[in-house]
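Peer 1: Would you mind keeping the following structure in view while I ask a few things?
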Amino acid sequence: MVTRTRFENSNHAASRLMHRRHGITHRNAEVLLICLTTMACLLLSVRAACSVELWSSHEGEGRYFLNTSLKWTSLLSHAPEDSMLYPERWSAASLWRMRLVLGARPVSWLSAEIAYEQRARFVSEASGAGGGTGVLFSDSHAAYRISQLDKALVEVGSTFAYRHELDRAFVAANLGRADVVFGRQAVGWGRGVFFGAVDIFAPFSPLESDREWRRGIDAVRFGMHLTDVISLDAIAAIGEKEEESSFAARLYGYTGDIDGELIFGRRCEDYLYAVTASSPVYDAELHGEFAIFKTPEPFSEGGIFGRDDLVAKAVVGGSYSLDTGSGLMLRAEYHFSGFGMKEVEEMWFRLEDEVFLERFLRGDSQILGRHAAALQAAYGIRGESTSSLSWILSPTDGSGVMIPAFTWNFSDNVILVAQTYFPYGAGPKDGQIRSEYGGTPVSGLVHISFCY
């Protein structure tokens, strides 16, 4: 989760600053270059294949399969000039992820899945708050887990970590009009593309480069078709304590071209009430989310409707496809987060508040401030590749990030992504963040995925 990632990396950076004054050595740079080059050669030499069918019945109802995915991401960053947050302005980070997914369907109505992942992360010394913060997958603890089942096999200071994790382990049963899923699973709610008001379990960062695998949560999920157009989805997401668990339900359905959701329940110690909807309007698509959280404590930043224990979040967006060449897709979204700060400059002071810090680490807001917007134009190239330009910005402080990206599908099994991050806005000063995105490093990223 993004907000947790930002704080934890910044907190670790502050700790490193107290104990280390040196930067990247020539030896570290050589090791990094060798590692990146070796992994790139290994990845490019692999022949991708389809998922392995371990067994299937003659009738086709039962089957066992194994999917293997291998990913390599490398990031090179140049941070703003602020030695408190970034002891070294140039930094590099690499992340390798290997994921094994074993699936079973012994009979037509019963299935199970286990996803086991190993990952290695290398971050150059003295990268501070850089090193892929908010862009690469985070090793921070996931919410709504009875036990993390995510441990380090090898750790070398703050520069290298080799970990393994059980990210999925569930059994699913189809009982006619009802479905039940028990165990560690991925749950994503909402209509937003960049932001989310009702995605309360494991939201992604607006800047996160890889969104293929959402973090798994320990939950019991029940779904049922109440009528031909209305369904129920109820989830009990279990944390280490009762106050860290969530119990929520949504009614979703459609009428004509309009579909929507009503969401209610308890998210940790908050009570949640939300509504979402989407609909075509002429040749465009519009969607929206609006949520109110009733908090047990007065919210210091102020709430809505004259009450400081009611906090609102909202997303409004749309998309439009132009029939030009291979197709041009335009997207836009606006996000309001009542859990964000009115003044981003107050972040370090607000983090001294334990209640605010707990919410910040849990990811109650995907952004630091209260307002954010995103625009994107994506163009397909001969059905094999996609180029896009995304612009994420803060209307409050005038900062933002331009993200040009290129995706090349070599085949159904091999994908290459190259993208860059060009931030602008007031940069940090003496360790103090002065804008939402102005402190983001200028970065270049290369990502290769293999699915077997």
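Peer 1: Determine the calculated [θ] at 222 nm for the chain from helices alone, applying -39500 (n - 2.57) to every DSSP H run no shorter than 4 residues and normalising by the residue count; nearest 500 deg cm²/dmol.
Peer 2: On the way: 4 runs with 51 residues, N = 452.
-3500 deg cm²/dmol, from helical runs alone.
Peer 1: Students often get this wrong, so check it: of Lys241/Lys294; Lys71/Lys313; Lys71/Lys241; Lys71/Lys429, which have C-alpha atoms separated by over 30 Å?
Peer 2: Beyond 30 Å: Lys71/Lys313; Lys71/Lys241; Lys71/Lys429.
Peer 1: Could I ask something else about it? Name the long-range amide H neighbours of Gly62: under 5 Å, sequence gap of 5 or more, or other chain; modelled H, no Pro or chain starts.
Peer 2: It is Ser57, by chain and number.
Peer 1: Run the dipole for the range 2-451 about the Cα centre, Lys and Arg Cβ at +1, Asp and Glu Cβ at -1, nothing else charged, and hand back the magnitude in debye, nearest 20.
Peer 2: So the dipole magnitude of the range 2-451 works out to roughly 1000 debye.
Peer 1: Given contacts defined as C-alpha pairs under 8 Å and at least six residues apart, what's the relative contact order of the chain, whole-number percent? Let's see the in-between values first.
Peer 2: Values: 1167 pairs, mean separation 63.5, N = 452.
Relative contact order of the chain: 14 percent.
Peer 1: Still on this structure: Among His58, Leu375, Leu272, whose Cα lies farthest out toward the positive end of the dipole of the chain, if unit charges sit on the beta carbon of Lys, Arg (+1) and Asp, Glu (-1)?
Peer 2: Result: His58.
Peer 1: Still on this structure: Give the order of Tyr320, Tyr144 when sorted by the count of other beta carbons within 10 angstrom, beginning with the fewest.
Peer 2: Exposure proxy ranking, most exposed first: Tyr320, Tyr144.
Peer 1: Just to confirm a number: summing +1 for Lys and Arg and -1 for Asp and Glu over residues other than Arg163 whose beta-carbon lies under 14 angstrom from that of Arg163, what do you get?
Peer 2: My count for the surroundings of Arg163 gives 0.
Peer 1: Under 10 Å from the Cβ of Gly192, count the other residues' Cβ atoms, weight Lys and Arg +1, Asp and Glu -1, and hand me the total.
Peer 2: Local net charge: -2.
Peer 1: Moving on to the next point. With a ≥ b ≥ c taken as the square roots of the eigenvalues of the C-alpha gyration tensor of the range 350-407, please select rounded if a/c is under 1.5 and otherwise prolate if a/b is larger than b/c or oblate if it is not? Don't skip to the answer; put the middle values down first.
Peer 2: Values: a/c = 4.61, a/b = 2.38, b/c = 1.93.
Verdict is prolate for the range 350-407.
Peer 1: With a sphere of radius 13 Å drawn around the Cβ of Ala249, what net charge do the other residues whose Cβ falls strictly inside it have (Lys, Arg +1; Asp, Glu -1)?
Peer 2: After counting each charged neighbour, the total is +2.
Peer 1: As an exercise, identify the GluC sites (Glu not before Pro) in the range 55-158 lying in DSSP coil whose Cβ has no more than 13 other Cβ atoms within 10 Å.
Peer 2: Hits after loop and neighbour filter: Glu59, Glu61, Glu81.
Peer 1: Highest first, please rank the peptides 222-229, 128-135 by the mean number of other Cβ atoms sitting within 10 Å of their residues.
Peer 2: Values: 222-229: 12.5, 128-135: 26.8.
Per-residue mean Cβ counts within 10 Å order the peptides as 128-135, 222-229.
Peer 1: So what's Rg/Rh here for the chain, counting alpha carbon atoms and using the Kirkwood radius for Rh?
Peer 2: 0.95
Peer 1: In whole Å, how far is the Cα centre of the range 287-316 from that of the range 358-403?
Peer 2: 22 Å
Every read-out reported here was derived from the displayed coordinates using simple, explicitly stated rules and does not represent laboratory data. Everything numeric here is computed off the predicted structure, so don't read it as measured data. Reconstructed Cβ throughout: ideal geometry from the backbone, glycine too, with neighbour counts over all protein chains shown.
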